[in-house]
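A quick write-up on the structure given underneath.
Just so you know, all these numbers are worked out from the coordinates, no wet-lab data involved. In this text, all values refer to a predicted model and were calculated from it rather than measured experimentally. So basically every Cβ, Gly included, is an ideal-geometry build from the backbone, and we count neighbours across all protein chains shown.
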Amino acid sequence: MDFFTHFVVPFAILTLLSWKSRDIKDRLSGGFGGISIDFDVILFAIGFLVPELFIFTHRGITHSFIFGLVTAMVFIYLISRPSVYGLINYVIKRDIKVEFNWKTVSLAYFGVLTHLFLDFLTTGGIPLFYPFSLTRFTANIYYYTDPVTTIVALSVLVILYLRLNPKYKKIALAAFLIMLVSFGGIRVGEKMDALNSQTLSDGYTQITAYPTPDMFTWTIVEGNGGDKYQVFNYNTLKHTSSNIREVNNLTIENGSYESAQKAIKYANTLPEVEKFRWTSPYTAVNATATSTGWNLTFYDFVGNHYGATELTVQVD
């Protein structure tokens, strides 16, 4: 999900479910927690300079239950410093002061949990249980970002910024949550329709659907459980398939299968290949034997939406 939605959702929930003791600082704490873990872009340089630490990337280490809490604590501590919130207050002409205590940290972690849930719904997935597991979890309901949701979330933020009657702000927040839930419900229904409309044949026994920016168009991947996939786009409104193609898990030129497998096994230990496979839902390999070894091109035929779609390495 987008940056704006990650602030609005926890802020809206805390506003609409608030009681007399819940003031603006509490709601801001939730909103700040919601955006805190997306500041992982600051850590990108670490993963870039030290490939073995590829977990330091966007939707990486901070997008887990444990390090999400750590990130929220650090973020609330920093933004509660007078020099920091003073500068922000001066720039935006609004008071965003929050205090650093267990209450605000707890509310910020609530924001983190809403963030993790929203990103879990999108393509790409997140490593929820890191450091115990690198596995990325995703429901593949929403596309990586949804333009309509982003625009509406930004509009809601503008309404919150304006000096309007609080009841109009609550209406805007409630409408946004209703829209988000409705879009999610529609996408779940369309995904099931896309899957149920397919008939497996030609040896294909497995099927998965991935969202696209259009909630009525899904990328379908059929697999035979081994070395071949069929990939195409399916429109649930028109009930039509397009861009149909077959992909081999491994394509070898010149050399032997055994030699290619040995080269791939070694390549899989390289940090850049580990990262590529970690961020890619599917990885196929084009292996070409050369006079000095193997030229291996790993490519993602579905798309990870925020990284390279292919990687080439040389194995001697």
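Dipole magnitude for the range 197-248: about 120 debye, using +1 per Lys or Arg Cβ and -1 per Asp or Glu Cβ, origin at the Cα centre.
Assuming charge only on the beta carbon of Lys and Arg (+1) and of Asp and Glu (-1), the dipole of the chain about its Cα centre is about 1720 debye to the nearest 20.
A Gaussian network model of the chain, with springs between Cα atoms under 10 Å, assigns the largest mean-square fluctuation among Ala284, Ala72, Ala45 to Ala45.
Projected onto planes of every orientation and averaged, the convex hull of the alpha-carbon atoms in the range 41-89 covers 4.0 nm².
Considering only Val41, Val84, Val105, the mean-square fluctuation computed in a Gaussian network model of the chain, springs between alpha carbons under 10 angstrom, is largest for Val84.
At q = 0.24, 0.29 Å⁻¹, what is the log10 ratio I(q)/I(0) for the range 250-315, with the Debye formula run over Cα points and no solvent? For the range 250-315, the Cα-only Debye profile gives -0.98, -1.28. Which of the helices in the chain meet the span-like rule: DSSP H, Cα axial reach of 30 Å or more, Kyte-Doolittle mean at least 0.5? The qualifying helices are 166-196.
Taking Val158, Val221, Val273 in turn, the Gaussian network model of the chain (Cα-Cα springs below 10 Å) assigns the largest fluctuation to Val158.
Computed from label points 7 Å out along Cα-Cβ, the spacing between Ile207 and Leu16 is 3.5 nm.
Under the convention that each Lys and Arg Cβ holds +1 and each Asp and Glu Cβ holds -1, the size of the dipole of the range 250-315 around its Cα centre is about 140 debye. With the charge dipole of the chain set up from +1 on Lys and Arg Cβ and -1 on Asp and Glu Cβ about the Cα centre, the Cα lying farthest toward the positive end among the listed residues Val70, Tyr229, Val285 is that of Val70.
Estimated from helical segments only, the mean residue ellipticity of the chain at 222 nm is -15000 deg cm²/dmol, where each DSSP H run of four or more residues counts as -39500 (n - 2.57). Sorted largest first, the principal axis extents computed over the alpha-carbon atoms of the chain equal 71, 47, 30 Å. Remark: relative contact order (the chain) = 13 percent; criterion is Cα-Cα distance under 8 angstrom and separation of 6 or more residues. Checking every one of the trypsin sites (Lys or Arg not before Pro) in the range 221-314 against DSSP loop status and a limit of 13 other Cβ atoms within 10 Å picks out Lys238. Each label was represented as a point 7 Å from its Cα along the Cα-to-Cβ direction; for Leu87 and Asn165 these points are 3.9 nm apart. For Ile207, the residues whose modelled amide H falls within less than 5 Å of its own, excluding neighbours fewer than 5 places apart on the same chain, are Gly223. Between rounded, prolate and oblate, where does the range 164-316 land on the alpha carbon gyration tensor, with a ≥ b ≥ c its root eigenvalues, rounded for a/c under 1.5, else prolate if a/b exceeds b/c? Oblate, since a/c reaches 1.5 and b/c is not below a/b.
Highest average first, the peptides 26-37, 246-257 ordered by how many other beta carbon atoms sit within 10 Å of their residues are 26-37, 246-257.
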